[in-house]
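K.L.:
This structure is in structure tokens; I'll ask about it shortly.
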Amino acid sequence: MYKFNVFGRVMSVIRINEQWQLFKESDTSMRVRVYDVVIPSNLEAVALKQYLDDIYHELASGKYPSVERIE
């Protein structure tokens, strides 16, 4: 599982059955699947950050200028 701060929103990406699945994470550790964003199955894990940045760039702000990986 890969976690990202997507312009102030915590999201995770999980590889399930050879496909990437995107989830919104809550403060209470609840996970909700995001169905309206499809991550190409052939996308390498190292490219996930840039892909999310490209998809959600309209959410950028002075406080959150880019997507950051959460370790």
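K.L.:
Just to be sure, is Ile14 touching a residue at least 12 places away in the same chain (Cβ under 8 Å), assigned to a strand (DSSP E or B) and touching a strand residue (DSSP E or B) at 6+ places or on another chain (Cβ under 8 Å)?
P.N.:
It is true that Ile14 is touching a residue at least 12 places away in the same chain (Cβ under 8 Å), assigned to a strand (DSSP E or B) and touching a strand residue (DSSP E or B) at 6+ places or on another chain (Cβ under 8 Å).
Each row is one residue, and each column tells you yes or no for (1) modelled with pLDDT under 95; (2) β-branched (Val, Ile, Thr).
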position	(1), (2)
Val10	no, yes
Arg15	no, no
Trp20	no, no
Thr28	yes, yes
Glu68	no, no
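K.L.:
Right, something else. Of everything in the range 24-71, what is surrounded by 13 or more Cβ atoms within 10 Å (Cβ to Cβ), more than 13 Å from the chain's Cα centre (by Cα) and not hydrophobic (A, V, I, L, M, F, W, C)? Give them in sequence order.
P.N.:
Tyr64 - this is the single residue of the range 24-71 that is surrounded by 13 or more Cβ atoms within 10 Å (Cβ to Cβ), more than 13 Å from the chain's Cα centre (by Cα) and not hydrophobic (A, V, I, L, M, F, W, C).
K.L.:
Identify the residue in the range 1-20 that is open to solvent by 30 Å² or more (accessible area, probe 1.4 Å) and closer than 22 Å to Ala60 by Cα and, among all such residues, is farthest from the chain's Cα centre (by Cα). Walk me through it before giving the result.
P.N.:
Taking the range 1-20 first, the residues open to solvent by 30 Å² or more (accessible area, probe 1.4 Å) are 1-3, 5, 8-10, 14-19.
Filter again for closer than 22 Å to Ala60 by Cα, leaving 2-3, 5, 8-10.
Details: Tyr2: 8, Lys3: 7, Asn5: 7, Gly8: 11, Arg9: 9, Val10: 8 Å.
Checking each candidate, the answer is Gly8.
The values are calculated or read from the model by the stated rules, or taken from the named source; none is laboratory data. The shown structure was predicted, so the numbers you read here are calculated from the model rather than taken from an experiment. Note that each Cβ is placed from the backbone with ideal geometry, even for glycine, and that neighbours are counted across all protein chains shown. When the accessible area is computed, the model is the full protein with side chains, heavy atoms only, and any ligands, DNA or RNA have been set aside. Shrake-Rupley method; radii C 1.70, N 1.55, O 1.52, S 1.80 Å.
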